[in-house]
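The values are calculated or read from the model by the stated rules, or taken from the named source; none is laboratory data. Keep in mind that what you see is a predicted model, and the values were worked out from it rather than measured. Every residue, glycine among them, receives a Cβ derived from its backbone with ideal geometry; neighbour counts consider all protein chains shown. Each accessible area value is taken on the protein alone, full model and side chains, heavy atoms only, with ligands, DNA and RNA left out. Shrake-Rupley method; radii C 1.70, N 1.55, O 1.52, S 1.80 Å.
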Amino acid sequence: MDKSESAPRRPQNGRIALICSGVVMAMTGLSFAAVPLYDMFCRATGFGGTPKIGTAAAGTILDRTMSVRFDANVAPGLGWKFEAESPEIKLRVGETKTVFYKITNRTDRVTTGIASYNIAPDKGAAFFVKIQCFCFTEHTLQPGESLEAPVVFYIDPEIADKRDLDGLKAITLSYTYFASKSGQPLAQGGGNPVKDDAGKTNL
């Protein structure tokens with residue numbers, strides 16, 4: 001093949017390279033967008049053990065009752081005491097309840113923490129609706145300082161339409177407090193969180 005035959009292909013090769021570069025940039029952008037989009041999806045659907053977020057009480061209260069257990073954990077290094085006012089309550093499906101958690105800084109220094117949460121079992125998360133919560137909000141406590149933080153929630157009456165969930169009698173709401181800075185946990189995935197002495201509940 002001579003030069004006269006290969007020369008016209010150069011512009012086409014340039015276009016292909018440009019398209020490939022565009023695809024790579026688009027994929028990179030999607031990868032950064034995937035995390036917040038996934039978080040929004042989980043909050044809307046309860047997927048992956050993430051409770052749904054509600055803005056008002058349920059319009060219907062059923063006779064069916066369920067238990068909600070409250071699990072409190074503190075990640076290593078934070079030095080806080082963290083516990084629910086009650087390890088477990090019973091409520092009617094659709095009934096709005098408020099439970100307070102007490103958080104105490106047991107160290108001799110000012111510390112800041114932020115809580116993440118999860119629901120077990122995963123299949124119950126789609127029907128656990130939180131109206132108010134202290135999770136993902138930084139709290140800074142002085143040495144020895146305590147605060148009480150509420151979680152307001154209900155179990156969605158639509159759970160009654162899921163016949164495969166008729167046997168679901170209990171849901172566990174599990175929180176873990178991490179040391180944080182600028183709204184970001186400092187110890188994500190650094191080993192399993194340590195169970196707080198006073199926050200022990202049975203899963």
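The listed residues are LYS181, LYS169, LYS162, and the only one of them that is over 18 Å from ALA72 (Cα atoms), more than 16 Å from the chain's Cα centre (by Cα), open to solvent by 70 Å² or more (accessible area, probe 1.4 Å) and modelled with pLDDT under 90 turns out to be LYS181.
Looking across the range 41-74 at every residue that is closer than 12 Å to GLY94 by Cβ and touching an Asp or Glu at 6+ places or on another chain (Cβ under 8 Å), the one that is modelled with the lowest pLDDT is identified as ALA58. Residue count for the range 108-135, restricted to those that are without any contact (Cβ under 8 Å) to a residue 60 or more places away in the chain, under 18 Å from SER180 (Cα atoms) and over 12 Å from the mean Cα position of the chain (by Cα): 3.
Residue-wise test of (1) touching a helix residue (DSSP H, G or I) at 6+ places or on another chain (Cβ under 9 Å); (2) among the hydroxyl-bearing types (Ser, Thr, Tyr); (3) open to solvent by 10 Å² or more (accessible area, probe 1.4 Å).
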position	(1), (2), (3)
THR60	yes, yes, yes
MET66	yes, no, no
SER86	no, yes, yes
THR96	no, yes, yes
THR104	no, yes, yes
ARG109	no, no, yes
LEU141	no, no, no
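Per-residue answers, yes or no, for (1) of a type outside the set (Phe, Trp, Tyr); (2) assigned to a loop (DSSP other than H, G, I, E, B); (3) within 17 Å of PRO121 (Cα to Cα):
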site	(1), (2), (3)
ALA58	yes, yes, no
ILE61	yes, yes, no
ARG69	yes, no, yes
ASN73	yes, no, no
GLY77	yes, yes, no
LYS81	yes, no, no
LEU91	yes, no, no
GLU95	yes, yes, no
VAL99	yes, no, no
